[in-house]
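Q: Got a structure for you, questions after.
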Amino acid sequence: MPLKIETLTLNDSVEQYGNKSIVPSAQQVCDDVVLLWKEEPSTEDLQIDGLYERIVVRHPEWRISQQTVLHVLTKHNLYATDEGELETYCSQVRFPDVSEVLKELGLPKNIELRDTGDGRGRGLFAKNEIQQGELISAESMPLVTIPPIEKLTLMQAGKVCSLCGNSLGHSDHFIMMNGLDCNGCRSVWCNRTCKKRDLTHAALKHVKARTQAISGSGWAKFEKFCMDKVFVAAYSVGIIYASSLIGKDDTLKRFAPLAEVSQRLRNRVSDSTNIGGTFDASSGAVGINDPEPIWNRAYELFKEAFPKSTEVDLDKFLTYVGKFNLNQVAGQIYPLYAFINHDCEPNVRYEIDDKLRLKVYARKLIKPGDELLTTYVNPLHGVKLRRRELRVNWGFLCQCNRCNKELSQRMVKHRVEQLSLPSHSFAAQSRRRSSMRNARPDLTDLLKNGQEFDLEIPDNVGISHRRRTSVRFDNNVTVAVEE
């Protein structure tokens, strides 16, 4: 009876028949590479051939060539041998005048705000020596408390605080006796401070509110759209704008001097989203391939929520969105902290407590004239991933001492690896392996002809003092079956 050769998998969880290969999209390739760098920082040093091998191992079902991977990564600014090829937007970030609100920033006496002198804009500098661990500044509350968008449904049901989103630890009787519930809806606050700070609640949540500049029904549509699309920045801009219309202080006036750039420009430079992406990830945003329709719809609903906002056109709306993303920390805007620039080896750190108070401490001794520097990214990430996150989210390629040192070490390591390659020819090795394969009997032909054959048994079988030949298996096995 004729026989045929079939290769089956030893893994029962994988289907053994049928071609399941797929052609991945550029987005999938970009996301997987960024995720690989996060999971294994050492892979940042891989050249394109090594990176391609890792992709193939991670996704054996992908049908993609090394040249295609190189083209995709280069096009999306994830792989470049020349830094000049990487697009940045730091030169287009605007720094509005801050003189009108300088007094309202609450600068500590030993800190001054001035130009950095190296093209990075403005920064905070120490006037006097600051000891390690010393409290440098404190902001008792953000510019406006922005409720967490992911808890809006629970807030509307009265399950968590309507402002901060914290769980409620009080009984219904305690809430009623202390006036922590809302008379016009089901909202509840965790304490009197949150209720007092929630200035926009009545105007935004109660349709019959008397504020003509705000439409309660329009806000409900805008809020739901932002929640459905996870458009965190637009929702936050809406809260800030509403606060400026209701509050006694001009919130927009204190928001205005912060660094700004259009979200459209920031999105163009971004190169990956979703699982492996980092674009606006710190604010919880979810990226999409074509955000223009969402931007346009969000702007339409913004105008419906604020019918008298004639000074805000689409470009200004997107500038507000970009400004929020540039300056937000943990989803909030802290005007003073927003002036602290980045370094991968920062000399300050910040803490935010459960009441959203932000405090800045010295990580090391800071001498007079030294600039206060924080970190915008995870310092445990590798240099390539850190610089990519900074370029995508803040528009610049970091040139700090740590980045330059690690980049130099990577170059030296790469040169050493090239010099340490064996001197013998790989082609000769390949020819030897090929000749050995050709000398073996063709198993397929033998089975087709129905011939019997013997397998060679190693001479050292059963000899304990000699090292046995090791055998390595994979997940596949080749068998002969009847047709």
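The values are calculated or read from the model by the stated rules, or taken from the named source; none is laboratory data. Since we're looking at a predicted model, the values are computed, not measured. Using ideal geometry, Cβ is built from the backbone for each residue, glycine included, and neighbour counts are taken over all protein chains shown.
Q: In this structure, does residue 100 turn out to be part of a helix (DSSP H, G or I), surrounded by fewer than 18 Cβ atoms within 10 Å (Cβ to Cβ) and in the same structural domain as residue 368 (by TED's automatic domain parsing)?
A: So residue 100 passes the test.
Q: Turning to a different aspect of this structure: Quick one: count up the residues across segment 3-41 that are in contact with a helix residue (DSSP H, G or I) (Cβ under 9 Å, 6 or more places away or on another chain) and at pLDDT below 70.
A: 3
Q: Name the residue that is nearest to the chain's Cα centre (by Cα), counting only residues in segment 379-389 that are touching a residue at least 60 places away in the same chain (Cβ under 8 Å) and part of a loop (DSSP other than H, G, I, E, B).
A: Restricting to residues being touching a residue at least 60 places away in the same chain (Cβ under 8 Å) and part of a loop (DSSP other than H, G, I, E, B), the top hit is 381.
Q: Name the residue, out of 167, 171, 187, 137, that is over 19 Å from residue 358 (Cβ atoms), buried (at least 19 other Cβ atoms within 10 Å of the Cβ) and either out of contact with any Ser or Thr (no Cβ under 9 Å at 6 or more places or on another chain) or modelled with pLDDT of 90 or more (or both).
A: From the options 167, 171, 187, 137, the qualifying one is 187.
Q: Does residue 69 satisfy being touching a Leu at 6+ places or on another chain (Cβ under 9 Å) and part of a helix (DSSP H, G or I)?
A: Yes, satisfied.
Here's the yes/no breakdown for (1) over 26 Å from the mean Cα position of the chain (by Cα); (2) at pLDDT 90 or above; (3) under 18 Å from residue 257 (Cα atoms); (4) not in a loop (DSSP other than H, G, I, E, B):
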position	(1), (2), (3), (4)
55	no, yes, no, yes
96	yes, yes, yes, no
109	yes, yes, no, no
120	no, no, yes, no
128	yes, yes, no, no
133	yes, yes, no, no
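Q: Six or more apart or on different chains, Cβ atoms under 6 Å: show the pairs whose first residue is in segment 351-378 and closer than 14 Å to residue 330 by Cα and whose second is of a type in the set (Lys, Arg) and at pLDDT below 95.
A: Here the result reads 377/386, each pair linking segment 351-378 to a residue that is of a type in the set (Lys, Arg) and at pLDDT below 95.
Q: Under 7 Å by Cβ, and 6 or more places apart or on different chains, what pairs join a residue from segment 36-50 that is over 12 Å from residue 410 (Cβ atoms) with one that is among the hydroxyl-bearing types (Ser, Thr, Tyr) and part of a helix (DSSP H, G or I)?
A: As it stands, the answer is 36/43; 37/43, since those pairs meet every condition given.
Q: Residue 210 versus (1) assigned by TED's automatic domain parsing to the domain that holds residue 306; (2) modelled with pLDDT of 90 or more; (3) not hydrophobic (A, V, I, L, M, F, W, C): which is the lone unmet condition?
A: (2)
A quick yes/no check of all residues on (1) more than 26 Å from residue 291 (Cβ to Cβ); (2) in contact (Cβ under 8 Å) with a residue 12 or more places away in the chain:
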site: 197; (1), (2): yes, yes
site: 211; (1), (2): yes, yes
site: 224; (1), (2): no, no
site: 231; (1), (2): no, yes
site: 241; (1), (2): no, yes
site: 244; (1), (2): no, no
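Q: Name, by its number, the condition in (1) surrounded by fewer than 14 Cβ atoms within 10 Å (Cβ to Cβ); (2) not in a loop (DSSP other than H, G, I, E, B) that does not hold for residue 152.
A: (1)
Q: Could I ask something else about it? Take segment 340-354 and flag every residue that is part of a loop (DSSP other than H, G, I, E, B) and surrounded by 14 or more Cβ atoms within 10 Å (Cβ to Cβ).
A: 340, 343, 344, 345, 346, 347
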